[in-house]
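Some notes on the structure that comes next.
The values are calculated or read from the model by the stated rules, or taken from the named source; none is laboratory data. None of the values given here were measured: they were computed from a predicted structure. Cβ atoms come from the backbone with ideal geometry, glycine included; neighbour counts cover every protein chain shown.
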Amino acid sequence: MPALPVPAPVASEPVAAPPAPRPAAPKAATPPVQAEEPGLLASLMEHPMAMPGGIGLVVLLVGLAVYRLRGRFRKDNGETSFLESRLQPDSFFGASGGQRVDTRDAASGVSSSMSYSLSQLDAIGDVDPVAEADVYLAYGRDLQAEEILKEAMRGNPERMAIRTKLLEVYAKRRDTKGFELLATQLYSLTKGEGDDWAKAQELDVPVVMHPEDVAGADKMNPYGLKLICGNPADSALCFGFMTYSGVFDRFPKLKLCILHGGGFFPYHLGRFDQGWAVRAGARAAKAKMAPSGYLKNIYYDNMIYRLDTIKYLIGLGGIDHIMVGTDYPFDWPVGIDFILNASFLNNAQKTAILGGNLIKLLRITPS
């Protein structure tokens, strides 16, 4: 095989020499860096034992800033918060727990598909406005309760329970104008009639009257006069309304038990009868008889603490209309001893007052 030709070597291109290095420029003197003072967060991280107090301080400062901003906003706008109230908490929960119950956070501004009006909630059965108002009242939040009831009343004007609960709000607040306006509207709707009296008569059960929001109670705080004078006065007021308005004419078998010995009315019955006789025109009573004509409908307890007064009450109302009473667990005497020590009563009469009359009235079958 002939030998292959060997290629001639190729000369390589000359390589340029690297440039000479330039002399380095003199560096400017760097000023010494001053150590920064540690911030609040760094200090807390460096000293972990101080963190709880520091965090509390931060929260306090943030809360103070928010409070001042909200106060300035209210002042500038001349508005009073919906959450401000005029009543003190009137329940165990309001006195011992949180003082704010807000189921509608109107201030948040966050829209939600679950945002219903109160009347809509009532309509779909999620919230009973009367029960919700009771919760607010328990925490002393009468303004929220009023708002709830007014909105519910607009959505369901026929429901009397809403109106009567709103009357309770006005009574607790001593809002005489609001109470009078709503009471007038309520009377125009019911004419003083309702299912409650008819149902009580149908069931043949007594209605017990015990004072709650006593008229004029704001003047009876000294010496406990609200209980001593206010309750009997309110009981007498109840008797006046029930008799003058003709309730017992419409429901002749209705039984009303007025506590505290009937209040003041048994001892001023003559004044009640005289008022029925002489009042005319718009102030005339609607009843067919004088109040003394309805004593057969009235029952009493014996919480009047004097034997001569009990003797008078028995003579007025009848032995079968008097029942033993008690203010337990309060520190008032139990009424049993008054009856046991009554020398003008025989044993059968004492037995009737101490239990027999009540068993008969409630139609209880002794075991």
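Applying the condition of being surrounded by 10 or more Cβ atoms within 10 Å (Cβ to Cβ) and of a type in the set (Ser, Thr, Tyr) to region 317-367 and asking which residue is nearest to Asn302 (Cα to Cα) yields Thr326. Criterion applied to Glu202, Glu168, Glu158 was being surrounded by fewer than 18 Cβ atoms within 10 Å (Cβ to Cβ), part of a helix (DSSP H, G or I) and not hydrophobic (A, V, I, L, M, F, W, C), and the one residue passing it is Glu202.
Determine if region 330-341 includes at least one residue that is modelled with pLDDT of 90 or more, closer than 23 Å to Ser235 by Cβ and in a loop (DSSP other than H, G, I, E, B). Looking for residues that are modelled with pLDDT of 90 or more, closer than 23 Å to Ser235 by Cβ and in a loop (DSSP other than H, G, I, E, B), one finds none in region 330-341, hence no.
Scanning region 205-227 for residues that are part of a helix (DSSP H, G or I) and either more than 23 Å from the chain's Cα centre (by Cα) or within 17 Å of Met242 (Cβ to Cβ) (or both) turns up Pro222, Tyr223, Gly224, Leu225. For region 342-367, a tally of residues being farther than 22 Å from Lys255 by Cβ, in a helix (DSSP H, G or I) and touching a helix residue (DSSP H, G or I) at 6+ places or on another chain (Cβ under 8 Å) returns 1. One residue is enough: does region 260-282 have a residue meeting the conditions closer than 22 Å to Gly318 by Cα, of a type outside the set (Val, Ile, Thr) and touching a His at 6+ places or on another chain (Cβ under 7 Å)? No; the residues of region 260-282 include none that is closer than 22 Å to Gly318 by Cα, of a type outside the set (Val, Ile, Thr) and touching a His at 6+ places or on another chain (Cβ under 7 Å).
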